[in-house]
Amino acid sequence: PTTRAWSRVLSMVQRVTYRRRKSFATKSNVVRKVRTPGGKLTLQYVGKQAKRTGCGESGCDRPLSGIKAHRPQELKRISKRQKTVSRPYGGAKCGKCVRTRIIRAFLIEEQKIVKKVLKAQTAEQPKK
């Protein structure tokens, strides 16, 4: 073939069309061109980027350590072991928030004991 014929062959681009019904360039319809082993050019749908599960405590937006990012449908499919960590509130609250909760509960209980002791001491003083 002549040079002109080669340039025509090289300039011809294989057309590809969407494989699903949606024909708009939306976030859920992102595609990538892929060449198959047979030499055919097809479209491969790119799934949405997954976001890591965050802490459930209000005001805390830290991602939970030990839990991978998954899409909501994928979270339904995977086992419970992959969605939690072995500690109180594991898979719901981050370690920092759990620690502060435990400390807060302990200090409140300590305060109750101190109040009770002070009340007993004040009750003893007038008797003397």
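The values are calculated or read from the model by the stated rules, or taken from the named source; none is laboratory data. Remember, it's a predicted structure, so these values are computed and weren't measured experimentally. Cβ atoms come from the backbone with ideal geometry, glycine included; neighbour counts cover every protein chain shown. In case anyone asks, the SASA skips ligands and DNA or RNA and just uses the protein heavy atoms, side chains included. Shrake-Rupley method; radii C 1.70, N 1.55, O 1.52, S 1.80 Å.
Suppose only helical runs count, i.e. DSSP H with n ≥ 4. What mean residue ellipticity at 222 nm does that imply for the chain under -39500 (n - 2.57) per run, divided by all residues and rounded to the nearest 500 deg cm²/dmol?
One gets -11500 deg cm²/dmol as the mean residue ellipticity at 222 nm.
Among the GluC sites (Glu not before Pro) within the range 52-128, which fall in a DSSP loop and have no more than 16 other Cβ atoms within 10 Å of their own Cβ?
none
Sorted from largest down, what three extents in whole angstroms do the Cα atoms of the range 1-117 have along their principal axes?
Principal-axis extents of the range 1-117 (Cα, largest first): 103, 27, 26 Å.
Over the chain, with every protein chain in place, what whole percent of the accessible area is carbon and sulfur at 1.4 Å, could you tell me?
Carbon and sulfur together cover 55 percent of it.
If you build a Gaussian network model of the chain, linking Cα atoms that sit under 10 Å apart, which residue out of 32, 87, 71 swings the most?
Looking only at 32, 87, 71, the largest GNM fluctuation is found for 32.
Between their Cα atoms, which of 33/83; 48/83; 48/93; 40/68; 68/96 are more than 29 Å away from each other?
Violating the 29 Å limit, Cα to Cα: 33/83; 40/68.
Amide H of residue 57 versus every other amide H placed in the peptide plane: which residues, excluding those fewer than 5 positions away on the same chain, fall under 5 Å?
Distant-sequence amide H within range of residue 57: 94.
Under 8 Å for C-alpha pairs, at least 6 residues apart: give me the relative contact order for the chain, rounded to a whole percent.
That works out to 14 percent.
What are the ³J(HN,Hα) couplings of the range 106-116, residue after residue, when phi is run through the Karplus curve with 6.51, -1.76, 1.60 and θ = phi - 60°? Round to Hz, x for glycine and proline.
5, 5, 5, 5, 4, 4, 4, 5, 4, 4, 4
Given the protein chains as shown and a 1.4 Å probe, how many square angstrom of residue 67 are accessible, to the nearest 10?
Answer for residue 67: close to 10 Å² accessible.
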